[in-house]
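A short worksheet on the structure shown next.
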Amino acid sequence: MRLRLCKVPRKVQPAAPASRSVSGIVGRLLTAGLVAACAGCSGPILSFRAEEAPTAPEPLVTGSILKRPASFGGDLDTEDWRRAHAALSVALDPQGNGRPVKWENPESAMRGSVNPTGLPYVAGDEICRDFLASVVGGAASGVKSRFVRGTGCKPSGGEWELKRLRSAKS
């Protein structure tokens with residue numbers, strides 16, 4: 001498509017102002033200038049309409065530091081927790097066999113298992129299941145072995161999240 005430029009008249013005569021305010025006069029001058037500038041053009045006049053961008057929901061976290069999700073302890077690094085969380089997901093699966101699932105990170109010498117202790121149940125809009133997890137640290141890590149009892153819940157199509165965690169006595 002080829003656009004043609006049209007000549008703009010040098011003098012634009014504004015319509016007689018109905019209002020003496022500055023904004024009224026300026027608005028009429030601009031309107032008259034645009035009408036006069038495009039009056040001699042025989043090409044199409046293109047106009048653009050601004051569309052409103054869809055609004056995104058506000059984030060729940062307002063600070064720059066995200067809250068770390070609950071895990072089996074602060075001594076687990078990111079990779080330890082990734083492996084433990086994968087074992088948790090398999091162990092708590094409602095269609096699983098209910099047997100313990102082991103996890104291990106050879107780099108940090110951390111290991112453990114997740115054992116479901118009850119049948120799955122519905123709480124609110126989530127599927128939940130109780131469990132008992134063990135965490136065992138390597139001799140060099142200085143981490144004491146421990147048991148963690150808790151509940152894992154998962155919304156439909158979501159990830160398992162830990163609820164009601166507490167240390168269990170060995």
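The values are calculated or read from the model by the stated rules, or taken from the named source; none is laboratory data. Remember, predicted model here, so these are calculated numbers, not experimental data. In this analysis, Cβ positions are derived from the backbone assuming ideal geometry, glycine residues included, and neighbour counts consider all displayed protein chains.
Are any of the residues in the stretch 137-160 in contact (Cβ under 8 Å) with a residue 60 or more places away in the chain, touching a helix residue (DSSP H, G or I) at 6+ places or on another chain (Cβ under 9 Å), surrounded by fewer than 16 Cβ atoms within 10 Å (Cβ to Cβ) and more than 12 Å from SER71 (Cα to Cα)? Yes: the stretch 137-160 contains one or more residues that are in contact (Cβ under 8 Å) with a residue 60 or more places away in the chain, touching a helix residue (DSSP H, G or I) at 6+ places or on another chain (Cβ under 9 Å), surrounded by fewer than 16 Cβ atoms within 10 Å (Cβ to Cβ) and more than 12 Å from SER71 (Cα to Cα).
Conditions (1) part of a strand (DSSP E or B); (2) modelled with pLDDT of 90 or more; (3) under 14 Å from GLY150 (Cβ atoms), marked per residue:
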| site | (1), (2), (3) |
| --- | --- |
| LEU88 | no, yes, yes |
| GLN95 | no, no, no |
| ARG99 | no, yes, no |
| GLU107 | no, yes, no |
| GLY112 | yes, yes, yes |
| ASN115 | yes, yes, yes |
